[in-house]
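What follows is one structure encoded as structure tokens, with my remarks underneath.
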Amino acid sequence: YKTGDIVAYNEYGELICYGRSDSQIKLNGHRIELGEIETALNAHENIRRSACVFKDNEIITFYESNKELDCLKDFLGAKIPAYMIPRKFFHTKELPQNPNGKIDRKALKQKLEQT
């Protein structure tokens, strides 16, 4: 059956796992769908869109809003379990988009490397 893992055999016949084809991560023994966090954040009245990325064993969130919000951890605490709450939040006026009009998560990860 399909697990969502991206794997390939190496020259020794061993399976090498490169990641996942979906946005499910495993953090501290918990399986987390990043889309669930985004859905909870998008319910906030001042957030237009949000995107979560997983980098260096941390969940990091970018959110699109007219103003910077500092109550997001409390807001999410009422909607999702504590282990799913991102460690860092970055405000942006507009999230980068790929040519298909979807949020460009690779560009967000590159933005993290620059900061």
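Phi-derived couplings, Karplus 6.51 cos²θ - 1.76 cosθ + 1.60 at θ = phi - 60°, listed residue by residue for region 105-112: 5, 5, 5, 5, 5, 5, 4, 5 Hz, with x used for Gly and Pro.
For Lys106, the lysines whose Cα falls under 23 Å of its own Cα, not counting residues fewer than eight places away in the same chain, are Lys26, Lys55, Lys88, Lys93. When only the Cβ of Lys, Arg, Asp and Glu is charged (+1, +1, -1, -1), the dipole of the chain relative to its Cα centre reaches about 180 debye. Amide H contacts for Leu27 (H built 1.01 Å from N in the peptide plane; partners 5 or more residues away or on another chain; cut-off under 5 Å): Ile32. A simple rule links phi to the HN-Hα coupling: the Karplus curve 6.51 cos²θ - 1.76 cosθ + 1.60 with θ = phi - 60°, which for region 93-100 gives 5, 8, 7, x, 10, 8, x, 8 Hz, with x for Gly and Pro. Converting phi to 3J(HN,Hα) with the Karplus coefficients 6.51, -1.76 and 1.60 and the offset θ = phi - 60°, region 37-42 yields 5, 4, 4, 5, 5, 5 Hz in sequence order, with x at every glycine or proline. Seen from Glu94, the other residues with C-beta closer than 13 Å to its C-beta sum to a net charge of +2, counting Lys and Arg as +1 and Asp and Glu as -1.
Under the shape rule built on the C-alpha gyration tensor, where the axes satisfy a ≥ b ≥ c, the chain is prolate, since a/c reaches at least 1.5 and a/b is greater than b/c. Close amide H partners of Phe90, meaning residues 5 or more places away or on another chain with modelled amide H under 5 Å apart, are Thr61, Phe62, Tyr63. Here the label points at Asn46 and Glu113, each 7 Å from Cα along the C-beta direction, are separated by 3.2 nm in the simple model.
No value in this document is a laboratory result; all are computed from the given coordinates. Remember, predicted model here, so these are calculated numbers, not experimental data. Every residue, glycine among them, receives a Cβ derived from its backbone with ideal geometry; neighbour counts consider all protein chains shown.
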